[in-house]
Amino acid sequence: MKNSKVNSFPTMPSQQTPRDILRKIRHVELKTRGLVAATFAGQYRSVFKGRGMNFEEVREYAPGDEVRTIDWNVTARFGEMHGNAFVKKFTEERELTVVLMVDVSASGRFGGIELSKRELAAEVASVLAFSAIKNNDKVGLLLFSDHVELFIPPKKGRPHTLRLIREILFFEPKGLGTKPGPALDYLNRVVTRRAVVFLISDFQANEFNRELAVTSRRHDLVAIPVVDPRERELPDIGTVTLEDAETGEQIQVNTSSSATRDAYAHLADKRRAELDKMLRRHGIDSIELQTDSDYIPALRGFFRTRERRLARL
């Protein structure tokens, strides 16, 4: 059963006062901005490149300049007068567009005592958003369930980023299911220039291979699966009622049965392997995060691995 959960497991509280909302947003901002300042901003800049190179000026050739940068037309006109060749100087077009695609389906309310999957998604999205604005990049947001729930076009600045955090945490979706396919199609229609896209979801979804392939060709796509350990391994706590958060379907399961627990774990491993295979097939980087683990080492590992790979190119 997709995203089955024990009905006594905690979920995000449904009723929040304005003060609660502001306090939560402020907490996430303080926590994630500190991480960005201490760790991630420099790494972010090194692994996500600008769209190209801009011509800046022509200057005289200096030892160490590459021969291929010589502007032969300018050199032909002025080289004899100055006794030197002239080279073109370029600067990287640094500004990026970053889009956070966040799954807000009902299964996101599932999670541990500290964080639900949706709360973890919000924290990680905040780290990425503050890393982007610190580097003067634009950040947009696309929330989806079984359809596109909300799209906020990319912009810069702290107030804009705080709005994104608020929406990720507290937006009330109309849909319950998880369908990344329509959201990816929508993204490709509204974001026409190449962007860095972070797809944050538990990927409790049916086939969306085609949409994933198209998006990975058009954009720099990074998948961030968010999982809870209990979705992969049932605890031995006797007979419990499991409920599918997206369909409401319920079933009683005897978790004391080792055969039942093994079958549950086998099905979870199979789904995980299928997702990994699909991402590898399209050359999509991924960062798996768990609700019971610190996400910082996973993000650092991703940045280090990608930085080493780019250095080899």
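How many percent of DSSP beta bridges within region 101-209 run antiparallel, rounded to 5?
DSSP beta bridges in region 101-209 are roughly 55 percent antiparallel.
Sum up the charges of everything whose Cβ sits under 14 Å from the Cβ of Asp276, counting Lys and Arg as +1 and Asp and Glu as -1, but leave Asp276 out.
Net charge around Asp276: +3.
When the Kirkwood hydrodynamic radius is evaluated over all pairs of different C-alpha atoms of region 219-265, what value in angstrom, to one decimal, is obtained? Don't jump to the answer; show the numbers that get you there.
Working: mean 1/r = 0.0799 Å⁻¹.
In region 219-265 this quantity evaluates to 12.5 Å.
Determine, for region 102-205, the count of lysine pairs separated by eight or more sequence positions (or lying on different chains) whose alpha-carbon distance falls under 23 Å.
So the count of such lysine pairs works out to 6.
I need the calculated FRET efficiency for the pair Leu150 and Ile21, taking r as the beta carbon distance and R₀ as 22 Å, to the nearest 0.05.
0.85
Assuming R0 = 35 Å, what is the FRET efficiency of Arg271 and Val214, from their Cβ-Cβ distance, to the nearest 0.05?
That gives a FRET efficiency of 0.95.
Go through region 276-282 residue by residue and turn each phi into a ³J(HN,Hα) via Karplus (6.51, -1.76, 1.60, θ = phi - 60°); whole Hz please, and just put x for glycine and proline.
3J(HN,Hα) across region 276-282, in whole Hz: 4, 5, 5, 5, 5, 4, 9.
Can you give me the relative contact order of region 168-313 as a percent, contacts being Cα pairs under 8 Å and 6 or more apart?
The normalised contact order for region 168-313 reaches 23 percent.
Using 17 Å as the cut-off for backbone N distance, which residues of region 264-280 belong to the label zone defined by a point 7 Å from the Cα of Ile251 along Cα→Cβ?
Taking a point 7 Å out along Cα→Cβ of Ile251, the residues of region 264-280 whose backbone N falls under 17 Å are 264-272.
How do His266, His27 stack up against each other in accessible area, from largest to smallest, with a 1.4 angstrom probe? Walk me through the numbers on the way to the answer.
On the way: His266 125, His27 95 Å².
The most accessible residue leads, giving His266, His27.
Could you give me D for region 114-192, from Stokes-Einstein at 20 °C and 1.002 mPa s, where the hydrodynamic radius is the Kirkwood radius over C-alpha pairs? Units µm² s⁻¹, please.
162 µm²/s
The values are calculated or read from the model by the stated rules, or taken from the named source; none is laboratory data. None of these values were measured; they are calculated from a predicted model. A quick note on method: Cβ atoms are made from the backbone with ideal geometry, for glycine too, and the neighbour counts reach across all protein chains shown. Please note that ligands, DNA and RNA were not included when accessible areas were found on the heavy atoms of the full protein model with its side chains. Shrake-Rupley method; radii C 1.70, N 1.55, O 1.52, S 1.80 Å.
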